[in-house]
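S.K.: Before I ask anything, here is the structure I am working with.
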Amino acid sequence: MAGARPLSPAAAIVLAWAGLALVNAGCIAARALPHAGLRVRALNHLFDAGQLLFLGLVCGLAVALWQRLAPRRSWLAPLGLSLVAVVLALAILAPDLDNFALRMAGRERAALLAATLAVALAQAVPLAYLAGRRMARSRVRWIAVAIAVVAAVVNTQILPVDYPGVHAFLAWTAATLAGAALAGTPSRWHLPPAPRRVAVVVTAILAGATVAIDPGNAVRVELTRLDSALLAAHVPPWRGEVDPSQYGHIPIPPELAPWFAWSADAPPIAASEPPLLPPDAIVLFFTLDSMRAEVLQNPANHELLPTLHRWRDAGFYVPRAISPSTVTRFTLASLFTGLEVPQLRWARDSATQGSLVKEDRPRVADLLTARGVTTVHVISQFELVNHVNKIGRGFSEEIEAPIAPGDRLAYAPAVMDAILARLRQHGDGPLFLFTHFMDAHHPFDSGDRKGRAYARHVSELANIDRELARLDAWLGEAGLWPRTLIVVSADHGQAFGQHGVQHHGGPPYEEQCRVPLIVFGPAVAARESPCDLPLLDLSPTFLELFGLEAPGSFVGRSLVPALRGEPPLCGRPVLSTTWDVFALLLPDGVKILDNRRKRTLEVYDLHADPRETKNLCDGDPAGCDARVGLLRRYLELHGAIPAPR
């Protein structure tokens, strides 16, 4: 091509990263940002594009220096790229592989396996370089560019709101493939040396500014929800580490003061009188995986879940209880210890990636078993809660429901068979039985396999409902209802696109931390709680149902008085957490979220904004700091420590 000059490798790699910025720009433009306004949307575009261009310029500078200083040997470039990729993989990719490594290799060898996998996956970058160089000719190079674009688009869709190292390496691999293929492309567009240097310096200054300058909390919140916004996911130095002492001056409202007091040394709380259940009470506690509060509030689900709706209408019903966490094992650990998730002494464990083997404080099952109550755990998935990880320590019996060949867990029919078989064996004396039904967990493939994810999810809950109906009928036939109480709730909720995610285990937004709570039995009058209540109230409730006192350290308060007809204890701050994200709901409906990992703050007025779309921190930074200060003082005064990562 007359007058054309080949595109230099350095310029090609910068151009490839600019292409990633264009893909991200399209993703940002397609996202709904309620109440964000033009300014926030524009700054999202600016900072994301600037940061990706910054990475492109860094890569371009590295390539230019390599060409100038390195020996001219073809094998050295992929080798050097491989070494750089390994170093970065060990720093940012290996942490994403920790949980998988723990499952596969156990605690002793998990670090070695994670590092080995990171090193192996890092080779995708030099392989992409070699593939790009082989395709750097004529029209073939555009096939490589198309593959890179597809990879960049996929990167915006997979593993939402997590795995920042995986997203970073996928983006780097895509940029390397495109850059290597574009190097040498004939181009008529070129600047003289002086203007070119000016353009590079100006671009570098602007791109560097998007890394060094804090765009503000509103932009930071939205930017960190975009997984392919690589530097945002890895947190540039926008905010310093959290220093709880800086919030010591924040006043605690007098009405909340009792709930901010240190409770580790508080005296036990005696059971109230008269007893709600007879001495030979049977208490059955069921948690249904991923059942969010909305499921039992949606009239469309009434016919699909008739047993749960009948128990709801005839028992004590909390429409929107607050789960201690959006992660199953954290919630169940909290319920069995009566403590907030970050108060527990967590250890890493090969079976569950988080165990209570170092936690010596008593479990609910410990206390019940010690007082002569038969405690039974019917296990649907062994690694979840058991004597090994000490989350379910203290049960006098553990019964593993049979898992069908090819299944990953025991489904509701098999679990109910085991429950009914154990109930048939039980004679006189008190009994506490717990099981966690896993049927409705993602990927929603154990019920109807057609339709949207939400419909498939509810169909799985319907499978459980049919088994609960079988239990209901059997209890009547066996004449056990007069001594039986059933408690049904969930470990956490489930997102179906809210806040940009399709899963649980993420930040405790309402769709993930709100669950229904039903207490049903002849001793309980039909009524609905007038206020939101923490699920942690179940811990002392189970003890009081059998006449036992609750440790003073328990965060929750027994529901037994409310089950008798007294008003429930409203007006408390309630904590919900996941990993290193903390959310505190205040009695006035204000909810505070502090994401320590991404260093973002959110405050919502749930009365005016139940969908959590308008972050009050955007327009009232001082009020935001005061609210966040309450959350951090709550954590500090309760001796909270981070959960395992």
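S.K.: Cβ contacts < 7 Å: first residue more than 18 Å from residue 40 (Cα to Cα), restricted to segment 193-218; second residue open to solvent by 80 Å² or more (accessible area, probe 1.4 Å), any location; separation 6+ or different chain. Result?
M.R.: The qualifying pairs are 199/191.
S.K.: In segment 272-303, what residues are in contact with a strand residue (DSSP E or B) (Cβ under 9 Å, 6 or more places away or on another chain) and assigned to a helix (DSSP H, G or I)?
M.R.: Initially, segment 272-303 is screened for residues in contact with a strand residue (DSSP E or B) (Cβ under 9 Å, 6 or more places away or on another chain), giving 276-277, 280-297.
Residues satisfying the conditions are 293, 294, 295, 296.
S.K.: Any idea which of 448, 491 is open to solvent by 40 Å² or more (accessible area, probe 1.4 Å) and under 22 Å from residue 306 (Cα atoms)?
M.R.: Result: 448 is the single residue among 448, 491 that is open to solvent by 40 Å² or more (accessible area, probe 1.4 Å) and under 22 Å from residue 306 (Cα atoms).
S.K.: Condition check: closer than 24 Å to residue 372 by Cβ and either out of contact with any Cys (no Cβ under 6 Å at 6 or more places or on another chain) or not charged (D, E, K, R) (or both). Does residue 541 satisfy that?
M.R.: yes
S.K.: Also, quick follow-up: In this structure, does residue 171 turn out to be under 26 Å from the mean Cα position of the chain (by Cα), at pLDDT 90 or above and within 19 Å of residue 20 (Cα to Cα)? Show your work before the answer.
M.R.: Details: under 26 Å from the mean Cα position of the chain (by Cα): yes; at pLDDT 90 or above: yes; within 19 Å of residue 20 (Cα to Cα): yes.
In short, yes.
S.K.: Being among the small types (Gly, Ala, Ser) and within 25 Å of residue 293 (Cβ to Cβ) is the filter here, so list the residues in segment 529-551 that pass it.
M.R.: Answer for segment 529-551, where residues must be among the small types (Gly, Ala, Ser) and within 25 Å of residue 293 (Cβ to Cβ): 529, 539.
S.K.: Being open to solvent by 10 Å² or more (accessible area, probe 1.4 Å) and closer than 23 Å to residue 223 by Cα is the filter; apply it to segment 625-645 and report the residue that is modelled with the lowest pLDDT.
M.R.: Top of the filtered list is 645.
S.K.: Which of the residues belonging to segment 172-228 are open to solvent by 70 Å² or more (accessible area, probe 1.4 Å) and aromatic (Phe, Trp, Tyr)?
M.R.: Residue satisfying the conditions is 189 alone.
S.K.: Test of understanding: among 121, 93, 130, which residue is among the aliphatic types (A, V, I, L, M) and closer than 19 Å to residue 579 by Cα?
M.R.: 93
S.K.: Here's another thing I want to ask about it. Just a yes or no: is a residue in segment 564-576 in contact with a Ser or Thr (Cβ under 9 Å, 6 or more places away or on another chain) and within 30 Å of residue 162 (Cα to Cα)?
M.R.: yes
S.K.: What pairs come up if the first residue lies in segment 27-44 and is farther than 16 Å from residue 156 by Cβ, the second is open to solvent by 70 Å² or more (accessible area, probe 1.4 Å) and at pLDDT below 85, and their beta carbons are under 8 Å apart, counting only those six or more places apart or on different chains?
M.R.: Filtered contacts from segment 27-44: 40/618.
S.K.: Which residue is modelled with the lowest pLDDT, if the candidates are limited to segment 417-440 and must be out of contact with any strand residue (DSSP E or B) (no Cβ under 8 Å at 6 or more places or on another chain) and surrounded by fewer than 24 Cβ atoms within 10 Å (Cβ to Cβ)?
M.R.: Top of the filtered list is 427.
S.K.: Also, I was wondering about something else. Regarding residue 485, is this residue touching a strand residue (DSSP E or B) at 6+ places or on another chain (Cβ under 8 Å), under 15 Å from residue 563 (Cα atoms), in contact (Cβ under 8 Å) with a residue 12 or more places away in the chain and not β-branched (Val, Ile, Thr)?
M.R.: Criteria met by residue 485.
S.K.: Then there's this: Being of a type in the set (D, E, K, R), in contact (Cβ under 8 Å) with a residue 12 or more places away in the chain and within 20 Å of residue 340 (Cβ to Cβ) is true for just one of 549, 510. Which residue is that? Talk me through it step by step, then tell me what you get.
M.R.: Details: 549 fails: within 20 Å of residue 340 (Cβ to Cβ).
Result of the check over 549, 510: 510.
S.K.: Residue 133: among the charged types (D, E, K, R), open to solvent by 60 Å² or more (accessible area, probe 1.4 Å) and in a helix (DSSP H, G or I), yes or no? Walk me through it before giving the result.
M.R.: Working: among the charged types (D, E, K, R): yes; open to solvent by 60 Å² or more (accessible area, probe 1.4 Å): yes; in a helix (DSSP H, G or I): yes.
Yes: the conditions hold for residue 133.
S.K.: Next question, about the same structure. State whether the residues of segment 521-538 include one that is out of contact with any strand residue (DSSP E or B) (no Cβ under 7 Å at 6 or more places or on another chain), within 22 Å of residue 586 (Cβ to Cβ) and assigned to a helix (DSSP H, G or I). Let's see the steps before the verdict.
M.R.: Going residue by residue through segment 521-538, those that are out of contact with any strand residue (DSSP E or B) (no Cβ under 7 Å at 6 or more places or on another chain) are 522, 525-526, 530-531, 536-537.
Imposing the further condition that a residue be within 22 Å of residue 586 (Cβ to Cβ) reduces the set to 530-531, 536-537.
When the remaining residues are screened for being assigned to a helix (DSSP H, G or I), the result is 536-537.
Within segment 521-538, one or more residues are out of contact with any strand residue (DSSP E or B) (no Cβ under 7 Å at 6 or more places or on another chain), within 22 Å of residue 586 (Cβ to Cβ) and assigned to a helix (DSSP H, G or I).
S.K.: Does residue 548 satisfy the criteria of being at pLDDT 95 or above, surrounded by fewer than 23 Cβ atoms within 10 Å (Cβ to Cβ) and assigned to a loop (DSSP other than H, G, I, E, B)?
M.R.: Details: at pLDDT 95 or above: yes; surrounded by fewer than 23 Cβ atoms within 10 Å (Cβ to Cβ): yes; assigned to a loop (DSSP other than H, G, I, E, B): yes.
The answer is yes for residue 548.
S.K.: For segment 111-123, indicate whether the set of residues that are part of a helix (DSSP H, G or I), surrounded by fewer than 14 Cβ atoms within 10 Å (Cβ to Cβ) and not aromatic (Phe, Trp, Tyr) is non-empty.
M.R.: Yes, the conditions are met somewhere in segment 111-123.
S.K.: Given 84, 14, which one is among the β-branched types (Val, Ile, Thr), open to solvent by 40 Å² or more (accessible area, probe 1.4 Å) and at pLDDT 90 or above?
M.R.: On inspection, the qualifying residue turns out to be 84.
The values are calculated or read from the model by the stated rules, or taken from the named source; none is laboratory data. Being a predicted model, the structure only gives us computed values, none of them experimental. Positions of Cβ are generated from backbone atoms using ideal geometry, with glycine treated the same way; all protein chains shown enter the neighbour counts. When the accessible area is computed, the model is the full protein with side chains, heavy atoms only, and any ligands, DNA or RNA have been set aside. Shrake-Rupley method; radii C 1.70, N 1.55, O 1.52, S 1.80 Å.
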